[in-house]
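First the structure, in the form of structure tokens, and then the observations on it.
The values are calculated or read from the model by the stated rules, or taken from the named source; none is laboratory data. The structure displayed is predicted, hence computed values, not measured ones. Here the Cβ is made from the backbone with ideal geometry for all residues, glycine too, and neighbour counts use every protein chain on show.
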Amino acid sequence: MDPNHYRFRGMWRLAAPAAVVYAALEDVRNYPLWWPEVREVRETGETTGDVVVRALLPYRLVISLEARRRDPAAGVLEAVMRGDLEGWSRFTVTADSPDDAGRTRAAGGAGARSAGGAGGAGDRSAGSRVLFEEDTRPGKALLRRLALPLHPVFRANHAIMMRRGRRGLAAHLAASGSVDGAARGAIHGAAHGAAHGAAHGTTEGGDR
């Protein structure tokens, strides 16, 4: 195993239409509003920008992103990464099936690991799934030197960042009125529980 090669794959389930979720993920400039680990976004061109990220570990990453694919019909957003991380990342947003959408609203956007759903980001039905995929290597020399002893720590750090990203996006969509009342109440309840857990040094399991 190459300790400097990371492959990530995870699923978010959200109680908002796929088109709304796609639009929020496409708007990288506003990630700092809802994703705690994304500290700053700097546009460098029409399809490029620098993202400053810091999670639990005491270092920050500056990642240069270049949009490689934007396909609303398929719900795909894909970018090339350069800088402190090198590789690619992709979001694929799909609508939940009617049965799954009902469970999504009841759970307030609870995380799920299984892929599925039908329809791309153009589907306006309530409830959506976001498949996240990333294939990357550290470009930062320090991270390469620490890859072998800290590989599990880096993966755990990424998992926490993605879990908090889902929570943040769910709360952001609820505040914007993009989800129904029942789901909004469940999301705010989950956010309150997450804040309480953070204050007491605990985190929830789930998304990876």
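Look at T48 and say whether it is touching a residue at least 12 places away in the same chain (Cβ under 8 Å), of a type outside the set (K, R) and either loosely packed, with under 13 Cβ neighbours inside 10 Å or touching a helix residue (DSSP H, G or I) at 6+ places or on another chain (Cβ under 7 Å) (or both).
For T48, the condition - touching a residue at least 12 places away in the same chain (Cβ under 8 Å), of a type outside the set (K, R) and either loosely packed, with under 13 Cβ neighbours inside 10 Å or touching a helix residue (DSSP H, G or I) at 6+ places or on another chain (Cβ under 7 Å) (or both) - is not met.
State all residues of segment 131-158 that are out of contact with any strand residue (DSSP E or B) (no Cβ under 8 Å at 6 or more places or on another chain), part of a helix (DSSP H, G or I) and of a type outside the set (V, I, T); if no residue qualifies, say none.
Hits for segment 131-158 are A141, L142, L143, R145, L148, P149, L150, H151, P152, A156, N157.
Would you point out the residue of segment 131-174, among those that are surrounded by 15 or more Cβ atoms within 10 Å (Cβ to Cβ) and touching a Lys or Arg at 6+ places or on another chain (Cβ under 6 Å), that is nearest to F8 (Cα to Cα)?
D135
Could you list, in sequence order, all residues of segment 1-32 that are over 13 Å from the mean Cα position of the chain (by Cα) and within 26 Å of L150 (Cβ to Cβ)?
Hits for segment 1-32 are M1, D2, P3, N4, H5, Y6, R7.
Are there any pairs with C-beta distances below 8 angstrom linking a residue in segment 1-14 that is over 16 Å from V93 (Cα atoms) and of a type in the set (F, W, Y) to a residue that is assigned to a loop (DSSP other than H, G, I, E, B) and modelled with pLDDT of 95 or more, with the two at least 6 apart or on different chains, and if so which?
So the pair list comes out empty.
When only residues in segment 89-121 that are part of a strand (DSSP E or B) and modelled with pLDDT of 70 or more count, which is surrounded by the fewest Cβ atoms within 10 Å (Cβ to Cβ)?
R90
Evaluate segment 29-36: report whether one residue or more is touching a strand residue (DSSP E or B) at 6+ places or on another chain (Cβ under 6 Å), closer than 20 Å to L173 by Cα, surrounded by 13 or more Cβ atoms within 10 Å (Cβ to Cβ) and not hydroxyl-bearing (S, T, Y).
Yes.
Here's the yes/no breakdown for (1) touching a helix residue (DSSP H, G or I) at 6+ places or on another chain (Cβ under 9 Å); (2) closer than 25 Å to G83 by Cα:
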position	(1), (2)
P138	yes, yes
L143	yes, yes
L150	yes, yes
F154	yes, yes
A159	no, yes
R167	yes, no
A170	yes, no
L173	yes, no
